[in-house]
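Each remark here refers to the structure printed beneath this line.
Read-outs throughout are calculated quantities, based only on the coordinates presented, and are distinct from any laboratory measurement. These numbers come from a predicted model, not from an experiment. In this analysis, Cβ positions are derived from the backbone assuming ideal geometry, glycine residues included, and neighbour counts consider all displayed protein chains.
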Ligand SMILES: O=C(O)CCC(=O)C(=O)O
C-alpha cells in the first residue's frame, strides 16, 4: 500500500528524541542515486559553464559525486564574485527544488509538529556554500523563526552534499535549547561589522546563553538529514578545510500556528520584511 500524507515515518522513540533535544539526525534519509546525485551533477555542469564563459584556464574533470565541485576552489580564488554567481544559480536546479518539496518532508512535519497543514517557507530554501576561512556568511548562534517569520512552529531540513568532517565546520547544535522559547536578538554583530541582514543577527548575551547547553556537531554523510526545530539554537561551524562545505537547507512551517496566522506568514529578510516591524519586542538593540 502506498503511504498517505499521514503515514508516520518515524518511530515513537525518534519523535520523543526530537521533542527532547530539538533536533533529530536521520541517517540515509535520501536516496543518493535518485535524489542527491542529480543535484551534484547539475552543480558540476553549472561550475563548468561559469569556467567556460569566463574563459578561465581551470581544469574541469568529468563528474564524480565525490568531486562534483571540482574547479570551484580555483574559480573563487580567481574572483570571489563568481562564487556568488554560482550560489544564486544552484538553488534553481530542478532536482533541488524537487527535493525541497519531497513528500516525505510533509510527512515529517505532520508527524513531528502534529499538523495537517504544512507549508514550504518561500525563500527559505537554498544551498549554502561555506568557503574555507570565510566569516561573512557564517550563521551565528540563532533560532530560525526570526529569519523566516512564517510560523513559530516549523522545521529546518538540513542535509549535506559533501561528507562532513570537523575540519569543514559542521553545524553546531545546542541540545534542548528549543525549550527556552524565543531569545532576544541584536541586529548587528559588533565583532563582525562586515556581516549584514540575517548574518548579522546575534543573540543577546550569546556566550552566557549558549554556555548552559550541551553542544553537538552535525557530523553527517551525504544522504543523511538533520531536522532542526525552529526554536532550537544552532550555528555554522567554521570551515578550516581545503574545499567548500556544500549543504542544503529547506524550511517548513505550520499554517495552523496562531502566531503564524497573526503575522500572516509574512516572511522575513528574504521577503524584504523588517524583523523589527513584525516583532519589535524581540530586538534588544
Ligand atoms: O549551515 C549552516 O552553517 C547554518 C545554517 C543554518 O543555520 C540554518 O539552516 O538555519
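Going by how many other beta carbons lie within 10 Å of each one, how would you line up 112, 233, fewest first?
Numbers: 112 21, 233 27.
Lowest to highest Cβ neighbour count: 112, 233.
Calculate, in nm to one decimal, what residue 20 and residue 273 gain on full extension: separation in residues at 0.36 nm each, minus their alpha carbon distance.
Values: separation 253, 0.36 × 253 = 91.08 nm, distance 3.21 nm.
Difference between extended and current length: 87.9 nm.
By counting other Cβ atoms within 10 Å of each Cβ, how are 203, 282 ranked from fewest to most?
Final ranking by Cβ density, sparse to dense: 282, 203.
Return the percentage of antiparallel bridges among DSSP beta bridges fully within the chain, rounded to the nearest 5 %.
95
Along the three principal axes, how long is region 1-158 when you take its alpha carbons, biggest first, rounded to the nearest angstrom?
Result, largest extent first: 54, 39, 24 Å.
Could you sort 56-62, 125-131 so that the peptide with the highest average Cβ count within 10 Å comes first and the rest follow in order? All intermediate terms of the calculation are to be shown ahead of the outcome.
Details: 56-62: 12.6, 125-131: 20.0.
Sorting 56-62, 125-131 by mean packing, highest first, produces 125-131, 56-62.
Between region 1-74 and region 169-188, what is the C-alpha centre distance in whole Å?
Between the Cα centre of region 1-74 and that of region 169-188, the gap is 25 Å.
Between residue 259 and residue 52, what FRET efficiency follows from the Cβ-Cβ distance if R0 is 30 Å, with the result rounded to 0.05? The partial results should precede the final answer.
Numbers: r = 48 Å, r/R0 = 1.60.
After rounding to 0.05, the efficiency reads 0.05.
Rounded to the nearest 0.05, what FRET efficiency do residue 84 and residue 182 have when you use their Cβ-Cβ distance and R0 = 30 Å?
Approximately 0.45, to the nearest 0.05.
Per-residue ellipticity at 222 nm for the chain, helices alone: DSSP H runs ≥ 4 residues times -39500 (n - 2.57), over residue total, nearest 500 deg cm²/dmol?
-7500 deg cm²/dmol
Among 67, 11, 187, which one shows the biggest mean-square fluctuation in a GNM of the chain, springs joining Cα atoms closer than 10 Å?
Comparing 67, 11, 187 in a Gaussian network model of the chain, the most mobile one is 11.
Under 19 Å from a label point 7 Å along Cα→Cβ of residue 95: give me every residue in region 195-226 with its amide N that close.
221-225
Please state the equivalent ellipsoid semi-axes for region 168-269: what are the square roots of 5 times the Cα gyration tensor eigenvalues, largest first, in whole Å?
Ellipsoid half-lengths, sorted descending, are 24, 19, 16 Å.
What percentages, rounded to whole numbers, describe P(r) for the chain computed over all alpha carbon pairs with 5 Å bin width beginning at zero?
Binned Cα distances yield the sequence 1, 5, 12, 16, 19, 18, 13, 9, 5, 2, 0, 0.
May I ask you to sort 242, 7 by Cβ crowding, counting other Cβ atoms within 10 Å and putting the fewest first?
Starting with the residue having the fewest Cβ neighbours, the order is 242, 7.
Relative contact order for region 101-282: what percent, with Cα pairs under 8 Å and sequence separation of 6 or more?
So the answer I get is 42 percent.
Tell me, in nm to one decimal, what length is gained between residue 217 and residue 31 on full extension, where the rule is 0.36 nm per residue of separation less the Cα-Cα distance?
Full extension from residue 217 to residue 31 adds 64.7 nm.
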